[in-house]
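Chemist: Sharing a structure below in structure tokens format, with a few things to ask.
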Amino acid sequence: MPDSVDGRLVLIAGATSASGLAAARALASAGARVVAAGRDRAKLDELAAEVSGIGTQVCDLGDEAAVGALAERVHGTFGAVDGVLHLVGGWRGGGGLAGQTEADYRALESSFTALRHVSRAFDADLRASSAGRLAVVSSTAVARPLAGGANYAAVKAATEAWTRAVAQGFAKAARDAGAPLAAASVVFRVKALSGLEDALALRFTDLWQAEAAEVNDTIVELTAPDL
């Protein structure tokens, strides 16, 4: 039976952005318990002032030990996590292939590094939940990479591969246990996230309305009509 996000504990990783605010609002409105994580304490405080009742955690999500400590704090304060929305990102590009600098790549790669740390730290929670959900934001550039965005497309392709591997892990764990699939890992693709923050928030919140088997290992393209 389809579930609901009501009462679920959801972590927003990289929450101090317009998309993080939209997600926090949508989740809280649907009855979820929300924990927003990010580096900037001041921005997290602003988010908490905008969306009452949410929890905040300061963490460098690119630091494996820091993410492990984050998981311990979340478990100790709020309990096991039922959902993770990964919003750590950014864009650098231009200048053709020759313009794709190593510094730009390393800056973009930090979002993928954060995803690896966060998904591993909360994997057991999501598998144990009766309705676990993980979602990431990717780009249409994966399907049509351009020379001027090669670094960006490469990082997003790695992000999608990792997220799909998480999905396979969820499915295998359920099969090995002889149990119905309860956890799902989903990729949301956008051409540009600006203007689609509310659409992303609603589509993520609605993942709990679908059976895990229907949405696990899916790629969902978000466009303006989704608003």
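Chemist: Would you please list the contacts, defined by Cβ atoms under 7 Å and residues six or more apart or on different chains, that run from a residue in the range 24-47 that is under 14 Å from Leu85 (Cβ atoms) and at pLDDT 95 or above to a residue that is surrounded by fewer than 18 Cβ atoms within 10 Å (Cβ to Cβ) and among the aromatic types (Phe, Trp, Tyr)?
Modeler: Arg33/Phe78; Val35/Phe78
Chemist: Looking at Ala182, Ala174, Ala192 in this structure, which one is free of Cβ contacts under 8 Å to residues at least 12 places away in the same chain and surrounded by 17 or more Cβ atoms within 10 Å (Cβ to Cβ)?
Modeler: On the way: Ala182 fails: free of Cβ contacts under 8 Å to residues at least 12 places away in the same chain; Ala192 fails: surrounded by 17 or more Cβ atoms within 10 Å (Cβ to Cβ).
On inspection, the qualifying residue turns out to be Ala174.
Chemist: Take the residues in the range 102-154 that are touching a Ser or Thr at 6+ places or on another chain (Cβ under 7 Å) and in a strand (DSSP E or B), then tell me which one is nearest to Asp206 (Cα to Cα).
Modeler: Leu134
Chemist: Report, by residue number, each residue of the range 75-101 that is more than 21 Å from Ala23 (Cα to Cα), among the small types (Gly, Ala, Ser) and assigned to a loop (DSSP other than H, G, I, E, B).
Modeler: Gly93, Gly94, Gly95, Gly96
Chemist: In this structure, does Val215 turn out to be under 29 Å from Asp104 (Cα atoms), touching a helix residue (DSSP H, G or I) at 6+ places or on another chain (Cβ under 8 Å) and of a type in the set (Val, Ile, Thr)?
Modeler: Values: under 29 Å from Asp104 (Cα atoms): no; touching a helix residue (DSSP H, G or I) at 6+ places or on another chain (Cβ under 8 Å): yes; of a type in the set (Val, Ile, Thr): yes.
Spelling it out, it is not the case that Val215 is under 29 Å from Asp104 (Cα atoms), touching a helix residue (DSSP H, G or I) at 6+ places or on another chain (Cβ under 8 Å) and of a type in the set (Val, Ile, Thr).
Chemist: Just to verify a result, which residue in the range 25-62, among those that are more than 17 Å from the chain's Cα centre (by Cα) and over 21 Å from Arg8 (Cβ atoms), is surrounded by the most Cβ atoms within 10 Å (Cβ to Cβ)?
Modeler: Among them, the one singled out is Lys43.
The values are calculated or read from the model by the stated rules, or taken from the named source; none is laboratory data. Quick caveat, the model's predicted, so the values are computed rather than measured. Virtual Cβ from ideal backbone geometry, glycine too; neighbours counted across all protein chains shown.
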